[in-house]
Amino acid sequence: MAVDDLSQRINKLSQRIKDLQQRSASDPVNAAEVLCDVLRELELNLEELSAIDEELHQQNEELTKAREALRESEEKYRTAIDFTCDCETWLSPEGDYIYVSPSCEHIIGYSADDFLKDPGLFEKIVHPDDIELYPRHFHKNDDEVIPVDFRIIDRNGEERWISHVCQPVYGSDGRYLGRRASNRDITELKRTEESLRKSEEMLNRAQEIAQLGSWELDLLNNRLSWSDEVYRIFGLQPREFGATYEVFLDAVHPDDRAAVDAAYSGSLRDRRDAYEIEHRVVRKSDDEVRIVHEKCEHIRDGSGKIIRSVGMVHDITDLKQAVKEVESLAKFPGENPNPILRIATDGTIIYANRGSVPLLGLWAVRWAKGCQMIIVISSWILSDPEPAVRSKLLPAVLPIR
């Protein structure tokens, strides 16, 4: 029963008691009956009033608990929002700041009061080169939540990177309450990314110069990654498509494909720690055949299972060609019909080819100490029949003492 209804009933009973007092003198019997009715009704109302009082007492206790819970909730909210590491803001629908977290001063150098006094402060400190990002971001649809990274100039004049994300907020009744924003200082992250980017550029350049690429195969996820130089060695544009083991085998020379596949598969099957192999590849760009040296090491998990393979591909085509040229040049003295001698500093003959046998058989030449050389003597000198001619020409070619 509502308190107001009970109050009205009690007022009516009071009026009936007053009427009863006036009638009791003229009609005592009827007055007594009426009085009994009034007392019974009054007793019922008192019982109801007592129940209502108990209910109000319980409601008061619940209200006290609710207020305490609200106070604790507000304290938790304040603690969470005031002590966040990010700069948190709340803009009203009119564009004024409703809330600015204290951490904004730590990140940007400007206090909450600075923002509350100047709603346009944030836009004013955006880096000149990034100023177009800021308004363009805020002109997006209100229901979009789009992060954007840009630079600001803090109160000390230093450049800092901010990762900004904001979203619209609504009341329980759907009423638009403005926009909440979170601004995180990512300056160190950006510096690290820039350092990694430069390191990666240097590594890619070094690999390109050395014609040595690197690769990694994640066996758990079946994901293969190549460095840019691996693509180039195989005659492909860097990162023109995702690397796969099948693409790699397709680049291997058909006559070497089975051996290469067996080398890798066998190392996994036999649980070896590594393998290496030389084989040919056919460049996709020009069908040129190149020779590569591959080396791979396997990475295991705690149980000893191979979960990853890392390796390198070294284009040794030019090296192989250089070795052939050196081997060819090494044959030159022995194949040359003219005399070729190598003399030590003490005058000892270290090497003499077949062409020098006639010369050594005809003359005994004494060599100056401190002279070390390889000498090629034209055959026409040795063929001259006149000793006088030989005696004039030989000293010009072979120093003698």
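Only the coordinates and a few stated rules stand behind these numbers; no lab work does. This structure is a prediction, so every number in the text was calculated from the model and none was measured. Heads up, the Cβs are rebuilt from the backbone with ideal geometry, glycines too, and the neighbour counts pull from every protein chain shown.
Within region 211-321, the percentage of alpha carbon pairs spaced more than 24 angstrom apart rounds to 21%. Couplings 3J(HN,Hα) of region 321-334, computed from phi: 5, 5, 4, 4, 5, 5, 4, 5, 5, 5, 7, 4, x, x Hz, in residue order, whole Hz [Karplus 6.51 cos²θ - 1.76 cosθ + 1.60, θ = phi - 60°; x for Gly and Pro]. Between SER214 and SER227, GLU229, VAL230, VAL313, the built amide H atoms are under 5 Å apart, and every one of these is 5 or more places off in sequence or on another chain. The fewest-to-most ranking of THR64, THR244 by surrounding Cβ atoms within 10 Å reads THR64, THR244. When VAL326, VAL169 are arranged by Cβ crowding within 10 Å, least crowded first, meaning fewest neighbours, the order is VAL326, VAL169. Percent of C-alpha pairs per 10 Å bin in region 287-326, short distances first: 25, 32, 21, 16, 6. Here the 3J(HN,Hα) profile of region 170-187, calculated from phi with Karplus coefficients 6.51, -1.76 and 1.60 at θ = phi - 60°, is 10, x, 4, 8, x, 6, 6, 10, x, 10, 9, 10, 10, 10, 10, 6, 10, 4 Hz, Gly and Pro shown as x.
As a rough footprinting exposure proxy, the listed residues TYR99, TYR275 were ranked by other beta carbons within 10 Å of their own, and the order from fewest upward is TYR99, TYR275. Quick one: check the C-alpha center-to-center distance for region 140-174 versus region 273-315, whole angstrom. Taking the Cα centre of each part, region 140-174 and region 273-315 sit 47 Å apart. A viscosity of 0.692 mPa s and a temperature of 37 °C, combined with the Kirkwood radius over Cα pairs in Stokes-Einstein, give a translational diffusion coefficient for region 87-185 of 238 µm²/s.
The mean sequence separation of alpha-carbon pairs under 8 Å and at least six residues apart, normalised by the residue count of region 211-321, gives a relative contact order of 29 percent.
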